[in-house]
Amino acid sequence: MRLVKNFLAFVIFIFSFSVFVSCGRNIDTGISENKEIRIVSLAPSNTEILVGLDLGNNIIGIDQYSEGIKGVSENIQVFEIGVPNIEAVLKLNPTHLLLSGYTSDLSKYVELENSGVKVINIDTPTSIQGIYDSIELIGKSFNSVSKSKEMIESIKSSIEDIIGNNNSEKVSVYFEISQAPYLYSFGRSTYLNEIIELSGGENIFGNLEGWISPSEESIIKANPQIIFTNVNVEGNIDEIKNRHGWENIDAVKNNRIYYIDKDMSSRASQFFLGALKDITRYIREYNDEV
């Protein structure tokens with residue numbers, strides 16, 4: 001159970017905490033006209049949004065999961081997500097620190113605020129609208145309101161282009177985000193569930209709430225027509241096929257198990273569109289063939 005909790009904390013950032021700056025409030029950006037913006041971003045979703053808003057050059061520190069994001073300097077200081085070294089952060093002389101839904105010690109961030117750093121928490125989105133809210137808040141925080149609106153409108157347009165007029169019969173879907181023996185998936189009130197529904201799928205756990213740890217028996221009984229996984233481990237799809245009792249699941253019998261890029265499907269940023277596109281394509285292929 002402890003391993004499962006740790007997995008959630010670091011992979012999907014479920015647990016949110018009291019915010020210093022939050023959506024829907026008047027925002028004091030802390031930006032003066034002549035002051036250089038220096039950002040430490042401690043969540044890959046925020047880092048991707050910052051780059052999308054042309055603020056990549058202002059990022060001076062990142063979490064370990066933001067390493068390799070295009071638009072961020074390769075020679076940049078890296079901090080542990082949720083538990084950064086506050087003294088090391090202060091040495092970078094940041095103007096802003098961005099968080100997202102996970103921390104181990106709130107008092108550390110109060111220390112940063114007392115030192116003049118603007119601390120902004122972006123709540124973990126539970127819907128695509130929540131992703132829009134994150135983009136909007138980050139835009140407001142860095143005087144990039146116009147750019148953030150453009151990004152949101154571009155995402156909405158892309159969604160329409162991807163899904164089109166999807167009137168086909170719903171396809172039952174199981175989406176795995178942690179492999180056996182610590183199976184993890186999700187139900188409603190998650191943006192991944194919304195992506196499945198937009199794609200023409202029906203989540204076999206759509207009647208449940210949030211992030212869940214299903215039993216193998218419940219998956220076998222639901223008999224999904226397609227299985228998706230974003231677990232980036234070599235041989236993962238073969239491991240699913242060879243699980244005892246899973247051989248009678250339609251998705252396994254018909255070889256309809258697909259990998260969905262982990263970053264695109266686990267980061268609440270503009271790049272969720274890649275996951276939407278791939279899931280929609282696989283569901284359409286299914287409907288075209290049956």
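The values are calculated or read from the model by the stated rules, or taken from the named source; none is laboratory data. Quantities reported herein were computed from a predicted structural model and do not represent experimental measurements. Every residue, glycine among them, receives a Cβ derived from its backbone with ideal geometry; neighbour counts consider all protein chains shown.
The residues on offer are Asn223, Asn165, Asn242, Asn207, and the sole one that is surrounded by fewer than 21 Cβ atoms within 10 Å (Cβ to Cβ), at pLDDT below 95 and not charged (D, E, K, R) is Asn165. One residue stands out in region 191-205 among those that are out of contact with any helix residue (DSSP H, G or I) (no Cβ under 6 Å at 6 or more places or on another chain) and free of Cβ contacts under 8 Å to residues at least 60 places away in the same chain: the one that is farthest from Ile219 (Cα to Cα), namely Glu197.
Can you pull out every residue in region 45-71 that is in contact with a strand residue (DSSP E or B) (Cβ under 7 Å, 6 or more places away or on another chain), surrounded by fewer than 19 Cβ atoms within 10 Å (Cβ to Cβ) and not charged (D, E, K, R)? Selection gives Asn58, Gln64.
Scan region 238-253 and tell me whether some residue there is under 28 Å from Ile69 (Cβ atoms) and among the basic types (Lys, Arg). Among the residues of region 238-253, not one is under 28 Å from Ile69 (Cβ atoms) and among the basic types (Lys, Arg), which makes the answer no. Evaluation of Ser172 against the conditions (1) more than 22 Å from Gly274 (Cα to Cα); (2) crowded, with 16+ Cβ neighbours inside 10 Å shows that the sole unmet condition is (1). Return yes when Leu276 is in contact with a Gly (Cβ under 7 Å, 6 or more places away or on another chain), assigned by TED's automatic domain parsing to the domain that holds Ser178 and under 21 Å from Gly187 (Cβ atoms) and no when it is not. In short, no.
Among the residues of region 72-115, those identified as under 19 Å from Ile37 (Cα atoms), part of a loop (DSSP other than H, G, I, E, B) and in contact (Cβ under 8 Å) with a residue 12 or more places away in the chain are Val72, Ser73, Ile76, Leu92, Asn93, Pro94, Thr95, Ser115. Every condition in (1) within 28 Å of Tyr259 (Cβ to Cβ); (2) surrounded by fewer than 21 Cβ atoms within 10 Å (Cβ to Cβ) holds for Glu153 except the one numbered (1).
Within region 253-290, the set of residues being among the charged types (D, E, K, R) and surrounded by fewer than 22 Cβ atoms within 10 Å (Cβ to Cβ) comprises Lys253, Arg256, Asp261, Lys262, Asp263, Lys277, Asp278, Arg281, Arg284, Glu285, Asp288, Glu289. Of the listed requirements (1) on the phi > 0 side of the Ramachandran plot; (2) crowded, with 17+ Cβ neighbours inside 10 Å, Gly235 misses just one: (2). Taken together, the criteria place Ser66 among residues that are of a type in the set (Ser, Thr, Tyr), assigned by TED's automatic domain parsing to the domain that holds Ser107 and touching a helix residue (DSSP H, G or I) at 6+ places or on another chain (Cβ under 7 Å). Scanning region 120-143 for residues that are of a type in the set (Gly, Ala, Ser) and either surrounded by 20 or more Cβ atoms within 10 Å (Cβ to Cβ) or not in a helix (DSSP H, G or I) (or both) yields Ser127, Ser134, Gly139, Ser141.
Within this structure, Val231 fails the test of being in contact with a helix residue (DSSP H, G or I) (Cβ under 8 Å, 6 or more places away or on another chain), of a type in the set (Val, Ile, Thr), more than 19 Å from Glu169 (Cα to Cα) and part of a helix (DSSP H, G or I). Pairing each residue of region 158-169 that is of a type in the set (Ser, Thr, Tyr) with any residue that is surrounded by 10 or more Cβ atoms within 10 Å (Cβ to Cβ), provided the two are 6+ apart or on different chains, yields C-beta distances under 6 Å for Ser158/Leu273; Ser168/Gly200; Ser168/Asn287. In this structure, does Ser146 turn out to be part of a helix (DSSP H, G or I) and either of a type in the set (Ser, Thr, Tyr) or crowded, with 18+ Cβ neighbours inside 10 Å (or both)? So Ser146 passes the test.
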